[in-house]
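What follows is one structure encoded as structure tokens, with my remarks underneath.
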Amino acid sequence: GESVGLHLPTLSVQEGDNSIINCAYSNSASDYFIWYKQESGKGPQFIIDIRSNMDKRQGQRVTVLLNKTVKHLSLQIAATQPGDSAVYFCAEREGAQKLVFGQGTRLTINP
Amino acid sequence: DAEITQSPRHKITETGRQVTLACHQTWNHNNMFWYRQDLGHGLRLIHYSYGVQDTNKGEVSDGYSVSRSNTEDLPLTLESAASSQTSVYFCASSDNREGADTQYFGPGTRLTVL
């Protein structure tokens, strides 16, 4: 499949452990944030989102934390599984439906 | 099921040729977007549209054009392909209803310009 980045930050975790992927965003006026997962050869897939009036949002096995003071976003994945191996992107909305994406982090799950 | 599709999935062309990449969505979304994805740059916005007959330039629009004649389609045209346009191209769409902000992506088109 397509390579999405050979020099991405990489996080390696043991299967069953929790993963935390971090993202720094740039625009203090951004009001909406999304995490996407991209597997090799596929398009980005929506995981979870959060609005700027929230600090935390939980989904199935995933939690997003937003710290507006330091413009930091994190994605926590509980009990990681082999299928979680992918590149993860954060994105911020800077105005009227336009998203700006981060560089991505490659998550590798070790058996 | 509603979906977003792109064609072709792979394309090889020569420098100077005109190339058109297709994007079709069946969600009836008003907003559609084209991105390119390159090593070290993540996803960068090329063009976007908020509805029929509306088009806007994104971050890296030089050398590309789009047209929106109906809700379902936003074709991306490279007027004269250059080697620097070798990339993976993704189309996305989103609804413009209040609170519906998520963009949904197609599977991508890998374009190689020789």
### Query
Taking the protein assembly as shown, how much of its Cα-Cα pair set, in percent, is spaced more than 26 angstrom apart?
37 percent
### Task
At 0.36 nm per residue, minus the direct Cα-Cα distance, what do A:ARG61 and A:GLN14 gain on full extension? Give it in nm, one decimal, please.
15.3 nm
### Task
Output the antiparallel fraction of DSSP beta bridges having both residues in chain B, as a percent to the nearest 5.
90 percent
### Task
Give a residue-ordered list of calculated ³J(HN,Hα) values for the range A:100-109 (Karplus: 6.51 cos²θ - 1.76 cosθ + 1.60, θ = phi - 60°; whole Hz; x for Gly, Pro).
10, 9, x, 6, x, 10, 8, 9, 10, 9
### Summary
Given a Förster distance of 41 Å, the FRET efficiency implied by the Cβ-Cβ spacing of B:SER69 and A:SER26, rounded to the nearest 0.05, works out to 0.70
### Cα-projected label distance for A:THR108 with B:LEU39, points at 7 Å along beta-carbon direction, nm
1.7 nm
### Message
Just to confirm my numbers, what's the Cα centroid distance between the range B:48-68 and the range A:47-111 in Å?
### Response
28 Å
### 5 Å-binned pair-distance histogram of chain B (Cα, whole percent)
2, 13, 24, 26, 19, 10, 4, 1, 0
### Query
Where Lys and Arg each count +1 and Asp and Glu each count -1, what net charge lies around B:HIS29 among other residues with Cβ under 11 Å from its Cβ?
-1
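Taking the Cβ of each residue in A:GLU39, A:GLU92 as the centre, tally the other Cβ atoms inside 10 Å and list the residues starting with the fewest.
A:GLU39, A:GLU92
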### J(HN,Hα) series, the range A:82-92, from Karplus relation 6.51 cos²θ - 1.76 cosθ + 1.60, nearest Hz, glycine and proline x
x, x, 7, 4, 4, 9, 10, 10, 9, 9, 10
#### Entry: Rel. contact order, % - alpha carbon contacts under 8 angstrom, at least six apart, the range B:57-106
23 percent
### Message
With the alpha-carbon atoms as the only input, what is the per residue convex hull volume for the range A:3-67 in Å³?
### Response
121 Å³
## Note on the structure
Neighbours of B:ALA81 by Cβ distance under 9 Å: Lys/Arg at +1, Asp/Glu at -1, summed charge -1
## Note on the structure
Restricting to Cα pairs under 8 Å and 6 or more apart, the percent relative contact order of chain B works out to 35 percent
### Message
Report the Cα-based extents of the range B:51-112 along its three principal axes, largest first, to the nearest Å.
### Response
40, 23, 20
### Alpha-carbon radius of gyration plus Dmax, which is the widest Cα pair, for chain A in Å
13.6, 42
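Each reported figure results from applying straightforward, stated rules to the coordinates on display, with no laboratory input. Only a predicted model underlies this, so the values are computations on that prediction, with no experimental measurement involved. Don't worry about glycine lacking a Cβ; one is built from the backbone with ideal geometry, like all the others, and counts go over all protein chains shown.
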